[in-house]
Amino acid sequence: HVHAALPDSAMAASVSSLLGWPGGGSTRWRRRRPRSRGPLWRRWRASEVAALVCWAARPSGAQLPPELCALDCDKRGQFAAWRRMVERAGPTDEAVVVAAFDLWQTTDFENLVPKLSFMAGEEADELEVSPGRDTQRFDGQLHWRSKLDADSSMGRYVAYVVPIFAALLHGGPKAEKWFEVMRAKHGIEGSEQCLVEVAPYAFLMLQYSLMSAFKRLGNAAMLADFQSQLTACMEILIDLPFHTYDFLELAWNVSSFTLAVNLMQDSTHYESFEEYMRLNPVPPPYLPTWSAEIPRGSTLGSLESQRRLVEATLSLPGPVRVSMLHLHDATAWDDWHSLRTAWVSMFNGAVEVLPMFYFTRLAGLRGCSEELEIRKDLHAPFQALKDLLNDLRKEGRDLRVAQDFLQRWWTDGEPAMRDADILFCGEPVWLCPLLDRIAGRPMLMRFNMAILDEFTFSNGTVSPVLDEWWAEFHGFVERGSAALTSIGTRYTVEQVAYQTGGAVRFPYVPFLGLSMAPRSTLELRPRHEVLLFQTNLPPILAFKRVLKMFASSMAADTSGEDSQAVALVDMNDLSRGVCRPEMGAYEAAILLPHNPAPIRLIDLYAQGVVLYVPGEPLIHKWIWANRPFGGFDGMPVYRSMPTQAFPNTSSVPPPAGHPPFSGTAYVARWAITQHIPDRRYWLQYTEWELMPGLERFAGIPELLVKLRGRSVQRMEELREMMSAYLQARRADALAWWRAALAEAFVPSPEPRAAPDGSRRQAAASVP
């Protein structure tokens, strides 16, 4: 809720004395009578377009396309002078604040609005937005509902700016036509095309400058007004919490996160988010070994278990079969190779092991050799699982529907899941406790995403059937089945532990990338080519578009001994998908995080591709908006917490007071000014922070400087660091796989194919 009641303009002459440093806090600000107010509800969808920037601290020689300057150039008039002041002294300098106050008092936002209408050309009806009327062209909605309760002039300004943000870099014929009409009608040169006298980012920075001054003055009333107003304007203008139009750091060298940490403080001022991090460190993460999370009394890893496994398998007339219920093809493929590698290390090829995939969706690996490998061993189509998940959305569905589905495939599949010697249950993992009860035998359970991902009952809302499932999960733990469970990311380990009151802690056994070919076997791409990984998420698409514009503007400037041109190969622009071995042929790749632990990260890492990833605070723009890991775009059921108490499953309990922050509040109740320490703490549990050798960048300029200046020696040093970590990671994780396989092996009584092709009965299982 924004209440923009401002000091009287007559006080502008004496503002210097009022804003003395320090002092002035006792001076009273007179409020002028606010003009007519009215609620303005606006919700827009951040389509696939970028925000627009002009001035930035970028490498010399980078000339931006005119489109990027269109909404944030401030080249003319008094705002140009204020911008130069900010560049020299920063937004909180005394003289800068005085000038900001004068601008705020003398700018009539309502008269700015008509200047925007010409940009639409013949599409005026599609672009025009006014209070109380929804736009026709941008018929979507902002992801987070906000109410802007402000002066009508300010409301109109914000309402006009947002759809232009979304349209200007649309990239299609209409956008090109708008610019052509605009240039011709107004005689504006490409380098001078300013659509608004007060650009959106300048509008935010003006408020930030004044808010900082009122904080220093101790003027609580005015501080509260500007904090409320700036929070709402940021949320709408840059599309929070998704940050789709958030390029403030490019335009003004001030991050939106710097504004955020100052918005949440009534007294302390931080010059940057980095200063905030330095002065407010978060506790280190708790990173136990997988053996510390195994229940007391478990025989996992015992020599007796290994002996029974050897005796049982050496008498088999044919290969060992593994039923793998797994939705995601890339993670199923990684898990299969980890399982097979552990098996081969125990038997050295003397006993063959074969997979039987169930319900795996062939999407990420489509068109690649891995797809063919999975398809030939796929014994249940993904469509069957998809139909089940859609059916569960209907009213009145309960767990019996899912149980009946699993029972049919357990007994009647071709082959049935029960025909396997090893039972493996992956994602959607909420099905696994149900399958465990049906099977009545040891079962490997392994997952990466939220434990209730794809729990589609009642469309993901909290309902009575959820209590039924938590009761099933409680039974799963009570039966001791948790002893053969592991999770591929520490983030989800902590998430499940928090949901169960700290009781259920599954061991962290990471993905290993064992299916990836060594770099030495690949035909390498030219060094100047850098892979830009694909995405379909609008905020990351926006970032990629601006990144490519910057890179294009710098392409001609390769001055400097260690400087080289950078050619970004955007997977979104390619006519076909890129398979893992092809990705490994690049020296470097840019990965933008859409969740805490994507499988693509280890796949490229294992091939020795040097990875450039966002550091803090940039990474916070995207990583928490995920759905499958229970982010704030996920369904409420993902973050649900049961009422019943669970038994403790780990042999070594975590330290007292763990965790120091809520495991759900920072994603369940999002606000740019809240739970900042929480997000910083939980970031430490993501693969992005745990894997060494990643090259982190703070923004687009630093990324391009690093890419242009990377040396062969630096690349080799990073690969050596990555290789050493990967070898240790694999050795530790494969120890869990070997121990778990020894416990999970149960020879099937069903006939199996012998080496001569005949069908033979399996030997009796060893007690």
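The values are calculated or read from the model by the stated rules, or taken from the named source; none is laboratory data. Quantities reported herein were computed from a predicted structural model and do not represent experimental measurements. Counting neighbours? That spans all protein chains shown, and the Cβs are built from the backbone with ideal geometry, glycine included. Please note that ligands, DNA and RNA were not included when accessible areas were found on the heavy atoms of the full protein model with its side chains. Shrake-Rupley method; radii C 1.70, N 1.55, O 1.52, S 1.80 Å.
Assorted remarks:
- For the stretch 440-470, filtered to residues that are open to solvent by less than 20 Å² (accessible area, probe 1.4 Å) and in a helix (DSSP H, G or I), the residue that is nearest to ASP633 (Cα to Cα) is GLY460.
- Pairs linking a residue in the stretch 199-217 that is closer than 13 Å to THR107 by Cβ to a residue that is polar (S, T, N, Q) and open to solvent by 10 Å² or more (accessible area, probe 1.4 Å), with Cβ atoms under 9 Å and 6 or more positions apart or on different chains, are LEU206/THR107.
- Of all the listed residues (LEU522, LEU532, LEU514), the sole one being within 23 Å of LEU690 (Cα to Cα), touching a residue at least 12 places away in the same chain (Cβ under 8 Å) and open to solvent by 30 Å² or more (accessible area, probe 1.4 Å) is LEU514.
- Residues that are outside any loop (DSSP other than H, G, I, E, B), touching an Asp or Glu at 6+ places or on another chain (Cβ under 9 Å) and among the hydrophobic types (A, V, I, L, M, F, W, C), drawn from the stretch 351-379: VAL353, LEU354, MET356, PHE357, ILE374
- Test: residue in the stretch 471-481 that is open to solvent by less than 10 Å² (accessible area, probe 1.4 Å) and part of a helix (DSSP H, G or I): yes
- For the stretch 292-338, taking the residues that are of a type in the set (A, V, I, L, M) and farther than 17 Å from PRO747 by Cα, the one that is nearest to the chain's Cα centre (by Cα) is identified as ALA330.
- SER711 being open to solvent by less than 60 Å² (accessible area, probe 1.4 Å), over 19 Å from ASP335 (Cα atoms) and modelled with pLDDT of 95 or more: no
- Whichever residue in the stretch 299-349 is among the polar types (S, T, N, Q) and either assigned to a strand (DSSP E or B) or at pLDDT 95 or above (or both) and, among such residues, is surrounded by the fewest Cβ atoms within 10 Å (Cβ to Cβ): THR341
- Among the residues of the stretch 381-396, those identified as touching a residue at least 40 places away in the same chain (Cβ under 8 Å) and open to solvent by less than 70 Å² (accessible area, probe 1.4 Å) are PHE382, LEU385, LEU389, LEU392.
- Sub-7 Å Cβ pairs linking a first residue in the stretch 349-374 that is within 13 Å of HIS337 (Cα to Cα) and among the hydrophobic types (A, V, I, L, M, F, W, C) to a second residue that is open to solvent by 60 Å² or more (accessible area, probe 1.4 Å) and modelled with pLDDT of 90 or more, at least 6 apart or interchain, are VAL353/ARG340, ordered by first then second residue.
- Pairs, first on the phi > 0 side of the Ramachandran plot in the stretch 617-642, second open to solvent by less than 10 Å² (accessible area, probe 1.4 Å) and β-branched (Val, Ile, Thr), C-beta under 7 Å, six or more apart: GLY630/VAL667
- Among the residues of the stretch 677-705, those identified as in contact (Cβ under 8 Å) with a residue 60 or more places away in the chain, within 17 Å of TYR725 (Cα to Cα) and not in a loop (DSSP other than H, G, I, E, B) are GLU687, TRP688, LEU690, GLU695.
- Residue satisfying all of: in the stretch 573-594; touching a residue at least 40 places away in the same chain (Cβ under 8 Å) and outside any loop (DSSP other than H, G, I, E, B); most open to solvent (accessible area, probe 1.4 Å) among these: PRO581
- Considering TYR498, TYR491, the condition of being modelled with pLDDT of 95 or more, open to solvent by 20 Å² or more (accessible area, probe 1.4 Å) and of a type in the set (Ser, Thr, Tyr) is satisfied by TYR498 alone.
- Any hit, the stretch 401-414, residues being open to solvent by less than 30 Å² (accessible area, probe 1.4 Å), more than 28 Å from PHE533 (Cα to Cα) and of a type in the set (S, T, N, Q): no
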